[in-house]
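Here is the structure we will look at, set down as structure tokens.
The values are calculated or read from the model by the stated rules, or taken from the named source; none is laboratory data. These figures come from a predicted structure and were not determined experimentally. Note that each Cβ is placed from the backbone with ideal geometry, even for glycine, and that neighbours are counted across all protein chains shown.
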Amino acid sequence: MSYRLRLLVAGVGLCLALLLTGCGDESDDSSASEASSEQKSGQGSSQTATVSQPDTLTPFNVLSVYQGTYDNAPALQINFSRPIKRDQDLEQLIQISLNNTPQDGGWVISDDNRRIYYPYIEPEQVYEVTFSSDLMADNGRSLGGSFKKQVKTSAIERQLRFLSQGS
């Protein structure tokens, strides 16, 4: 292809791309702002109202129990299918034991209430976590029954840090 022909094809392609981008439906932006203003005012379609309402149909389950991190340190992490109710005695409802010995400490609840952490763990141990059927979600639902899970913590990884760049 000659230089002029390539330049012409590139120019036509660029013009088409610019034209197609400018041909978008302008009502998208206005409908999005209308929907947000309707949500704020509490009026609007039933679909908008159901999105803003708390979910009462999602069952309350423990999704996972594993060794995670909290505040850059190892911790047991429990993930729930929906937010837990904050004003419960979690130490009574979720008990941790190590070698059949109950562990003291406290649970740390995440900001979204869907995760809790137990940051007082030791490396290379098997913890048993016992869940009470009385543990409740924010919608008043409780777990289907009591059960236990085991979590084996990993060994501490050796780390090397240089505090300065040296000279």
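Only one entry in R86, R141 is more than 15 Å from L63 (Cα to Cα) and loosely packed, with under 11 Cβ neighbours inside 10 Å, namely R86. Residues in segment 89-98 that are touching a Ser or Thr at 6+ places or on another chain (Cβ under 8 Å) and surrounded by fewer than 19 Cβ atoms within 10 Å (Cβ to Cβ) were compared, and the one that is farthest from G140 (Cα to Cα) is S97. Cβ separations smaller than 8 Å between residues 6+ apart or across chains give the following pairs from segment 101-129 residues that are on the phi > 0 side of the Ramachandran plot to residues that are small (G, A, S): E124/S154; E124/A155. Quick one: in segment 144-157, of everything that is exposed (fewer than 14 other Cβ atoms within 10 Å of the Cβ) and among the aliphatic types (A, V, I, L, M), which residue is farthest from Q125 (Cα to Cα)? Here the answer is I156. Take the conditions (1) among the polar types (S, T, N, Q); (2) modelled with pLDDT of 95 or more; (3) more than 24 Å from D111 (Cβ to Cβ); S46 misses just one of them, which is (2).
Listed by position, the strands (runs of 3 or more DSSP E) inside segment 59-167 whose residues that are of a type in the set (S, T, Y) number at least 1 are 62-70, 94-98, 115-118, 126-131. In this entry, I116 passes the filter for residues that are at pLDDT 95 or above and either exposed (fewer than 15 other Cβ atoms within 10 Å of the Cβ) or under 26 Å from E157 (Cβ atoms) (or both).
Put simply, of I156, I109 the only residue that is closer than 16 Å to G68 by Cβ, under 22 Å from the mean Cα position of the chain (by Cα) and among the β-branched types (V, I, T) is I109. For segment 130-155, a tally of residues being among the aliphatic types (A, V, I, L, M), in contact (Cβ under 8 Å) with a residue 40 or more places away in the chain and under 22 Å from S97 (Cα atoms) returns 4.
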